[in-house]
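Presented below is the structure to which this report refers.
The values are calculated or read from the model by the stated rules, or taken from the named source; none is laboratory data. Owing to the predicted nature of the structure, the values given are computational and were not obtained by experimental measurement. Heads up, the Cβs are rebuilt from the backbone with ideal geometry, glycines too, and the neighbour counts pull from every protein chain shown. Surface accessibility is based on the protein's heavy atoms, side chains included, excluding ligands, DNA and RNA. Shrake-Rupley method; radii C 1.70, N 1.55, O 1.52, S 1.80 Å.
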Amino acid sequence: MKNFCTHLAFCVFASFIQAAIPTDTNVTLLKVKKVTVEDSVIVIVAEKSTTRITLLADDQDPSYKGETRDGKPVTTVQVLSNNATFTIKPDRYSKPGGVLENVWKSSLALARKLQESKDVGTVEIGFYAPEVVIKRHEITSVIGFGYLVAKRQ
């Protein structure tokens, strides 16, 4: 029983840490062209969007005075994209039965509203360690674990 309680406590703690980890890549959708929604994936083709990517330096640098993550210097780059495709997948915590299942469900609901062309305000996509494709100085594709959120005005 003690092992079960320890394991359960660790799982709960791990899910809180996952939920608190900042995203690596944030996309603000400015003009949406097409939305495809399935239970395990959301695909959004944006006619116009901005993408902010957080890049980490290779080594920890205690003397660095700017923004850091895990002691590593951080650089943030913002790029405007035209006709980019964003593929969002649930991570293991957001899948059915996962601790963050409701986060994925709210992402699906927001994606369906976008699909129906309902006015939902500005929508942002938060990605964790995604694959980013850059061609000719523009981001053309981002694929990875993430979620959708309506930005507060």
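For the reader, a short list of remarks on this structure follows.
- Cα-based shape type of segment 98-153, given that a ≥ b ≥ c are square roots of the gyration tensor eigenvalues and the cut on a/c is 1.5: oblate
- Formal net charge of residues neighbouring residue 22 (Cβ-Cβ distance under 15 Å; K, R +1; D, E -1): -2
- Charge tally in the Cβ shell below 14 Å around residue 143, where Lys, Arg are +1 and Asp, Glu are -1, residue 143 excluded: -2
- For segment 61-153, the list of trypsin sites (Lys or Arg not before Pro) that fall in a loop by DSSP and count at most 13 other C-beta atoms within 10 angstrom reads 65, 92, 118, 136, 151, 152.
- Relative contact order (%) - criterion: Cα under 8 Å, at least six apart; region: the chain: 25
- Once the gyration tensor of the Cα atoms in the chain is diagonalised, the equivalent ellipsoid follows with semi-axes of 28, 24, 12 Å, ordered largest first.
- Chymotrypsin sites (Phe, Trp or Tyr not before Pro) lying in DSSP loop within segment 48-151, provided at most 15 other Cβ fall within 10 Å: 64
- Accessible surface, the chain, averaged per residue in Å² (probe 1.4 Å): 64
- Element breakdown for segment 44-144 at a 1.4 angstrom probe: carbon and sulfur atoms account for 48% of the accessible area.
- A cut-off under 14 angstrom between Cβ atoms defines the neighbours of residue 47, and their net charge, with Lys, Arg +1 and Asp, Glu -1, is +3.
- Hits among lysines - C-alpha to C-alpha of residue 135 under 24 Å, sequence gap 8 or more where chains match: 31, 33, 34, 48, 89
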